Amino acid sequence: MERLTSCEFNMDTACVELKFVDGSMISIDTIAVENEVADNMYERSELDYLVYNAPLEYADLILNGDPVKYLKTVTVYKPFEN
């Protein structure tokens, strides 16, 4: 796992896939991650944003970061008004 060649979200499998020069691949199941770390729709929305708009940053957060701390920092809770 020396150098990364591609990182993209695969809509068919709902996974962020990282492919490396040596042919190895890491596949991150985004649904499983959401079920483990996201407690509500606001946190799920934050993770979904990363999956669709910044899959490399998402992969880095899941593999090297602290997703719970990240979600507590960036999530904005806006209740619906009548």
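Round to the nearest 10 and report in Å² the accessible area of LYS69, as given by a 1.4 Å probe over the protein chains' heavy atoms.
For LYS69, the solvent-accessible surface is approximately 130 Å².
Give me the number: length gained by fully extending PHE80 to ASP48, i.e. 0.36 nm times residue separation minus the C-alpha to C-alpha distance, one decimal in nm.
Values: separation 32, 0.36 × 32 = 11.52 nm, distance 1.99 nm.
Separation in residues times 0.36 nm, less the Cα-Cα distance, equals 9.5 nm.
Let me check something: with ligands and nucleic acids excluded, how do ILE28, ILE62 order by accessible area (1.4 Å probe), largest to smallest?
Per-residue accessible area, sorted high to low, gives ILE62, ILE28.
Would you list, by chain and number, the aspartates and glutamates whose Cα falls below 12 Å from the Cα of LYS19, excluding same-chain residues fewer than 8 positions away?
GLU2, GLU8
For a quick check of understanding: with a 1.4 angstrom probe and all protein chains in place, what accessible area in square angstrom does THR75 have, to the nearest ten?
Accessible area of THR75: about 20 Å².
Sorted by accessible area (1.4 Å probe), largest first, how do LEU71, LEU63 line up?
Numbers: LEU71 0, LEU63 90 Å².
Greatest to least solvent exposure: LEU63, LEU71.
Students sometimes get this wrong: rank PHE80, PHE20 by accessible area, probe 1.4 Å, all chains present, largest first.
On the way: PHE80 170, PHE20 30 Å².
Descending order: PHE80, PHE20.
What's the local net charge at CYS7, with K and R +1, D and E -1, over the other residues with C-beta under 11 Å away?
Numbers: positive: LYS19; negative: GLU8, GLU17, GLU57, ASP60.
So the environment of CYS7 carries a net charge of -3.
Heavy-atom accessible area per residue, the chain, 1.4 Å probe: how many Å²? Could the numbers behind the result be given before it?
Values: 5780 Å² over 82 residues.
On a per-residue basis, 71 Å².
Hey, what did the chain get for relative contact order, percent, Cα under 8 Å, at least 6 apart? If you can, show how the numbers build up before the last one.
Numbers: 88 pairs, mean separation 18.8, N = 82.
Rounded, it is 23 percent for the chain.
Between (1) 54, 26, 20; (2) 48, 25, 18; (3) 44, 27, 23, which matches Cα extents along the principal axes in Å calculated for the structure shown?
So the calculated entry is the one marked (1).
Got a sec to turn the phi values of the range 3-14 into Karplus ³J(HN,Hα) couplings, 6.51 cos²θ - 1.76 cosθ + 1.60 with θ = phi - 60°, whole Hz, x for Gly and Pro?
10, 7, 9, 7, 8, 8, 8, 9, 5, 5, 9, 6
Within the chain, what whole-number % of the accessible surface is contributed by carbon and sulfur, with the 1.4 Å probe and all protein chains included in the calculation?
Values: 2930 of 5780 Å².
Ligands and nucleic acids excluded, carbon and sulfur give 51 percent.
Taking the Cα centre of the range 9-82 as the origin and placing charges on Cβ (Lys, Arg +1; Asp, Glu -1), which of TYR42, MET11, ILE62 is farthest toward the positive end of the dipole?
Of the listed residues, the answer is TYR42.
Find out how many positive minus negative residues lie around MET41, taking Lys and Arg as positive, Asp and Glu as negative, among other residues whose Cβ is under 15 Å from that of MET41.
Numbers: positive: ARG44, LYS78; negative: GLU34, ASP39, GLU43, GLU46, ASP48.
Around MET41, the charge tally is -3.
The values are calculated or read from the model by the stated rules, or taken from the named source; none is laboratory data. Please read these numbers as outputs of a predicted model, since none were measured by experiment. Neighbour counts are summed over all protein chains in view; Cβ atoms, including those assigned to glycine, are modelled from backbone coordinates with ideal geometry. Each accessible area value is taken on the protein alone, full model and side chains, heavy atoms only, with ligands, DNA and RNA left out. Shrake-Rupley method; radii C 1.70, N 1.55, O 1.52, S 1.80 Å.
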